[in-house]
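In what follows, a single structure is set out as structure tokens and then discussed.
All of the numbers you see were taken from the coordinates with simple rules; none came from a lab. The structure presented is a predicted model; accordingly, all values stated were derived computationally and were not measured. Glycine also receives a Cβ, built like all others from the backbone with ideal geometry; neighbour counts cover every protein chain displayed.
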Amino acid sequence: LLIHQSTHLNWSPKPSSPGCPTAPSPRPKHTSVAFLKTHKTAGTTVQNILFRFAEQHDVTVALPHHACDHQFCYPRNFSARFVHPHTLPPRIIASHLRFQRQELRRLMPNDTLYVTILREPVAMFESLFTYYNQYCSAFKRVPNGSMEAFLANPLAFYRPQEKFSMYAHNTLLYDLGGDNDHSPADPAYLPGFIRQVEEVFSLVMIAEYFDESLVLLRHLLSWDLEDMLYVKLNMRGPRSKGNVSSEVLAARIRTWNGLDAQLYDHFNATFWRKVAQAGRECVAAEVRALRRACDQLLRRCFGGRPQLRPATQIKNKELRPWQPSSKVDIVGYDLPPAVPGSGAPPEERCLKLAMPEVDYDAFLQRLLLHPRMEAGSPGRVPQHQDWVSAWILDPALRSRSGRHLPDPPQWMDHLQYRTSWPHPVSPTQSPEPAAFLASTGAGGAGPLEGFWGDSEELGAGLETSLRKDRSLDDQDDFYD
Ligand SMILES: Nc1ncnc2c1ncn2[C@@H]1O[C@H](COP(=O)(O)OS(=O)(=O)O)[C@@H](OP(=O)(O)O)[C@H]1O
């Protein structure tokens, strides 16, 4: 077990930097954030920053209902009903969803700042094509999985009505709630759509300029530089990376994804206008400070820059990234039992820094389900295993109780206290799975039957659900 330590980096950012007009003045950190996590755009790395911030600052994150897996029932249009009731009302939302303005407005506080991220469409499409080669039928039916063959005649393979077809055509536009199959012959559509995006989103980050984007995000939210530290997550290993070396191929990708290409070009330009407003020198200086601080954290966690490893070589199960298929390697990091140099065990935050999306989501779900588990069983005496799980999952609890599990009277008191923390839960608050699924039209209750039963069933249901997270095939069932 990793021992939580509350020590922080001794590097401490100045609240504002001279010559940086948009650098945060000393005002409270903004904690209401809706991050639209688009696909294959470095969104997992941003999400991890937000999840860690939420944990550290005790801010509620909207998590998907179990029937939605770890995404908000994507590719459906987002609905507030897809949010796990224990995470209501949330202040941060950062898991995959298809943007739906009204529903997010209904869910999130009025002062929510909307942020998203775009990636250059050629690199993004190559990533999508590889990652979803087994899930998107348009890609699957191409002979030898050849991207060149697909791009030579996309319409021979693409069927807009098919499930997951959005991974093959203007995915950015789809994620933002737009019509990814809209005719390029309609000159009015995209400008109108862009205007709507600009109305809602305070910041559109650009994956190619990730660090500059984080600087603008920090200014927008008045966060400390320490809140922005990260390692890259969800990267493909070298074996799985294609190379779009030919200009002809790149041009075909841009033509096929014409709406995304124009969208990206527009927001890339507005991004650089924002950088200019913030002061180029100021942003560049802060990028250097951010990189230094990231390096410093990596030394504390890994003894230096961590080695990227295939999932099979990662000893810590919680750090093994999900693999979309046997043809694609998603690489990750392992934590050393003792940090080279200091010899100390890595801090809790190092685990979270390197934690893949599915595992972080599952971790947060487990934290939230504990109080529900006890509240859902009135009169039930807390069991020893409840305490052990709470102790493992709750860093604050661990830091209070130290290395050793306390005696039974203490853990029973604690568990009873937890029934009202962090979200008071009434037994009627959570819809039964069948009712939930019927209300969303998301399919039969099958795998979730008995989910809100007693704690043992709940635990088993949770494990099933975690296993389910590993398979997109199971997720498919919700859209059949
Ligand atoms: N910080 C940073 N800067 C630039 N690029 C980064 C960063 N972090 C992750 N990545 C790359 O983003 C790709 C994964 O994107 P997502 O996490 O959004 O994918 S997913 O849709 O959630 O599966 C994936 O790209 P590919 O490796 O090309 O697939 C990652 O390598």
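Per the Kirkwood definition applied to all pairs of different Cα atoms, how many angstroms is the hydrodynamic radius of the stretch 261-323?
Computed over the stretch 261-323, the radius equals 15.1 Å.
Among Gly279, Gly237, Phe302, whose Cα lies farthest out toward the positive end of the dipole of the stretch 179-302, if unit charges sit on the beta carbon of Lys, Arg (+1) and Asp, Glu (-1)?
Phe302
Averaging over all projection directions, find the projected area of the Cα convex hull of the stretch 52-202 and quote it in nm² with one decimal place.
10.5 nm²
Relative to the compact-globule scaling 2.2 N^0.38 Å, provide the ratio for the alpha-carbon radius of gyration of the stretch 200-274.
1.38
Would you mind calculating the relative contact order of the stretch 77-212 from Cα pairs under 8 angstrom and at least 6 residues apart, reporting the percent as a whole number?
RCO, the stretch 77-212: 29 percent.
Report, in listed order, any pair from Lys40/Lys232; Lys315/Lys352; Lys29/Lys352 with a Cα-Cα distance greater than 19 Å.
The answer is Lys29/Lys352.
Ratio of alpha-carbon Rg to the 2.2 N^0.38 Å globular estimate for the stretch 59-109, to two decimals, please.
Here the Cα radius of gyration is 0.97 times the empirical estimate.
Calculate the FRET efficiency for Arg291 and Ser326 from the Cβ-Cβ distance with a Förster distance of 41 Å, rounded to the nearest 0.05.
Efficiency for this residue pair is about 0.70.
What is the packing order of peptides 34-45, 188-199, taking the mean over residues of other C-beta atoms within 10 Å and listing the highest first?
34-45, 188-199
Test of understanding: what is the full-extension gain from Ser342 to Asp211, defined as 0.36 nm times their sequence separation minus their Cα-Cα distance?
Result: 44.3 nm gained on full extension.
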